[in-house]
Each structure stands twice: as structure tokens, then as C-alpha cells.
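Here's the structure we're looking at; comments come further down.
The values are calculated or read from the model by the stated rules, or taken from the named source; none is laboratory data. Every value quoted in this text rests on a predicted model; they were computed, and no experiment measured them. Here the Cβ positions follow ideal geometry from the backbone for every residue, glycine too, while neighbour counts run over all protein chains shown. Quick note on the areas: whole protein, heavy atoms, side chains included, nothing else; ligands and nucleic acids left out. Shrake-Rupley method; radii C 1.70, N 1.55, O 1.52, S 1.80 Å.
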Amino acid sequence: MNKPSVAVYKLSSCAGCQLEIVNLEPILFDLLGAVDIHYFVMAKRDNKPGPYDIGLVEGAVTCGEEIARLKQARKECRILVAFGTCACFGGIPSIKNWKPQRVVESIVYEDLSAIHSTTAYGIDNYVPVEAYLKGCPVSKDELVEFIKSILLGVRPYLRPHSVCVECKLHENVCLAVTKGEPCMGPVTTAGCGALCPSHQKPCEGCRGPANDPNPESLAETFKEYGLHKRDIVLKFRKFAGMNPEFAKGADAV
Ligand code: SF4
Ligand code: SF4
Ligand code: SF4
């Protein structure tokens, strides 16, 4: 059987999601036995040109050059995957979208002559996408599950429920109910194993919205907990503010 070929692309991102592939150390050799990684600049010197079976695209699209690279990736790959929250929703790069571009750029760069930044979007703003692996960074378990699904030819299991469900399965004491902590778990899609609440930290919403969330109600609850309006807005805009569901939470206050 031919092994599926894989390409890993990078747009505007911190490279943390790609690093999670390298961090699959205990099963890395099994993985390399099951798929052929043809293009992965972070990990390989000898990269092969497309076409590829699977393309993992990390990062938000934040300039015209990246739109062109993304469209080329779409042509090269049979299955294109938004790999990580930046690629799914705009992620951390989309924080800049709420101020005028030139204002943000002048905070970072002295010379703006070479800067041609655009509004940061997830990749499906420009090309069709077959699958979304969410998280900042992606969950290693979900990545392995996804690869197994592709190899078996079955649809990957995409968790529709919220982080709260995983939090309860871990038998955590609820930080919101017992301490009034502003936890995004009720509206955030599961898959991380409720990582943050399991370490007594409220969820920050890094995996974007769960199916059928109620962000307006959560924003109201945050107000009751005494959070300032501005902090509520920032919570909903931290990772997926461009997503219509999280935008409802930010607009509700
Ligand atoms: S989703 Fe998070 S970890 Fe992944 S590239 Fe974006 S900022 Fe980095
Ligand atoms: S701590 Fe957060 S994720 Fe856990 S049950 Fe409470 S609200 Fe949900
Ligand atoms: S608990 Fe929330 S912020 Fe933490 S990893 Fe999971 S989705 Fe991300």
C-alpha cells in the first residue's frame, strides 16, 4: 500500500503547532512508517515538490503573499487541514484586527516601508478546507487520531461538545461555580482534555467555539462575576474573535 504523502506549510504563526509533530517522539517512528512526510521545512532539509495527499497548514493569513502561498497549497493537496487555531480562526495574529493596521504595525516596526499586512483570517476565508485541528497548540492526541482516521479511511471524530464536558469527566471542581472564575469552558470546543481547568486555571477559549454555544449568556455571567466590559471583550477576541460565535460574546457587553 502506498503511504500517504504529507506536507506541512507555515503562514503567520509561532510554529508551536508544527513543533507538536516533532514532539510526537514516542510514536514518531511509527508515524514515519505510516506516512511519507515530503515537505516539512522545520524538520527536513530534503523537501519534495507536490502534489501531496495531505497538507497541514499552520498559521493565519496576514498578507497577500500568504494568500498566494495558501492557494498554491490548495492546488497541491488532496486533503487540506487547518492546523491549529491560527489557521482555523485567525488565532493570536487576529488580535491585531481590532485596531487600525498601521497603528498596530507602528507599535512593532520602526520602518513600515516593507510591511504590507492585511486583516488576519483563518485559511477557510480563502480556500476550501477538509478538516480543522483546533488548539493553541493542536492537541497531540487529536493529531494522532486524525492521522489514524485518514489511514483507515474513516471520518475523523470532531468533538462537538464543550470543554466543560471533559472537565466533568475529569471530576474537576468547577472554577466558575466555586470561585467565580471567568472560564470560557462552556462555549469552547473540547479536545484538550480540559487541560487548563485540570490545573486550576480557567479555560481561555484557545480551541474556539463548541457546537451551538451560548456566548451571550456567558458574557452576562462574566459581568455578574465583576469582570470589566473590556476584559470580557478581550476574552472572546483572544483566540477566535473573527469567528461569528465568539464575536457574539464580545458584542454582547
Ligand atoms: S495556534 Fe497557537 S501554537 Fe499554533 S501556531 Fe498559532 S499561536 Fe502557535
Ligand atoms: S471549570 Fe470551566 S471548564 Fe470546568 S466545568 Fe467549570 S466552567 Fe466548565
Ligand atoms: S482548557 Fe481551554 S484554553 Fe486550555 S487548552 Fe483547553 S481549550 Fe485551550
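Taking the mean number of other Cβ atoms within 10 Å as a proxy for protection, how do you rank 227-235, 76-84, 16-24 from highest to lowest? Write out the running numbers ahead of the final one.
On the way: 227-235: 16.1, 76-84: 23.6, 16-24: 18.2.
For the peptides 227-235, 76-84, 16-24, the packing ranking is 76-84, 16-24, 227-235.
Once R0 is set to 30 Å, what does the formula 1/(1 + (r/R0)^6) return for the Cβ-Cβ distance between residue 169 and residue 28, expressed as a FRET efficiency to the nearest 0.05?
Calculated value: 0.60.
Cut-off under 26 Å on the C-alpha distance; same-chain residues fewer than 8 positions from residue 3 excluded. Which lysines are left, in chain and number order?
Residue 3 reaches 44, 48, 71, 75, 134, 140, 148.
Kindly count the pairs of lysines across the stretch 163-251 whose alpha carbons are less than 17 Å apart, treating pairs on different chains or eight or more residues apart as eligible.
Eligible lysine pairs with Cα atoms under 17 Å apart amount to 12.
The stretch 102-156 to the stretch 234-253: how many Å between their Cα centroids?
The two parts, judged by their Cα centres, are 18 Å apart.
If you build the convex hull over the alpha carbons only and average its shadow over all orientations, what do you get for the stretch 5-152? Give it in nm² to one decimal.
Average of the hull's projected areas for the stretch 5-152 equals 9.1 nm².
In Å, what Rg and Dmax follow from the Cα atoms of the stretch 139-253?
14.8, 49
Output the 0 to 90 degree angle, nearest 10, between the alpha-carbon long axis of helix 25-34 and the longest principal axis computed from the alpha carbons of the chain.
So the helix axis and the longest Cα principal axis differ by about 50 degrees.
Provide the packing ranking of 216-222, 114-120, 184-190, i.e. peptides ordered by the mean count of other C-beta atoms within 10 Å per residue, highest first.
Ranked from most to least packed, the peptides come out as 184-190, 216-222, 114-120.
Kindly report the accessible area of the chain per residue (heavy atoms of protein chains, probe 1.4 Å, no ligands, DNA or RNA), in Å².
Value returned for the chain: 52 Å² of accessible area per residue.
I'd like the FRET efficiency for residue 126 and residue 211, computed as 1/(1 + (r/R0)^6) with the beta carbon distance as r and R0 of 25 Å, rounded to 0.05.
The computed FRET efficiency comes out at 0.55.
Over the chain, with every protein chain in place, what whole percent of the accessible area is carbon and sulfur at 1.4 Å, could you tell me?
Looking at the chain in its full context, I get 56 percent from C and S.
Using a cut-off of 13 Å between beta-carbons, work out the net charge of the residues near residue 241 (Lys and Arg +1, Asp and Glu -1, residue 241 not included).
In short, +3.
How far, in nm, would the chain grow between residue 204 and residue 104 when pulled straight, counting 0.36 nm per residue and subtracting the alpha carbon separation? Don't skip to the answer; put the middle values down first.
Working: separation 100, 0.36 × 100 = 36.00 nm, distance 2.30 nm.
Residue separation times 0.36 nm, minus the Cα-Cα distance, leaves 33.7 nm.
With each run of n ≥ 4 DSSP H residues scored as -39500 (n - 2.57), what mean residue ellipticity at 222 nm is computed for the chain after dividing by its residue count and rounding to the nearest 500 deg cm²/dmol?
One gets -10500 deg cm²/dmol as the mean residue ellipticity at 222 nm.
Using only C-alpha atoms and all pairs of different ones, pull out the Kirkwood radius for the chain in Å with one decimal.
The answer is 19.1 Å.
Please give the charge dipole size of the chain, origin at the Cα centre, charges +1 on K and R Cβ atoms and -1 on D and E Cβ atoms. Round to the nearest 20 debye.
260 debye
How many nm separate the modelled label positions at residue 178 and residue 46, each set 7 Å beyond the Cα in the direction of the Cβ?
The two pseudo-label positions are separated by 5.5 nm.
Which far-off residues, 5 or more places away or on another chain, put their amide H under 5 Å from the one on residue 5, with H placed in the peptide plane?
For residue 5, whose amide H was placed from the backbone, the distant partners under 5 Å are 36, 53, 54.
The stretch 190-218 to the stretch 21-67: how many Å between their Cα centroids?
28 Å
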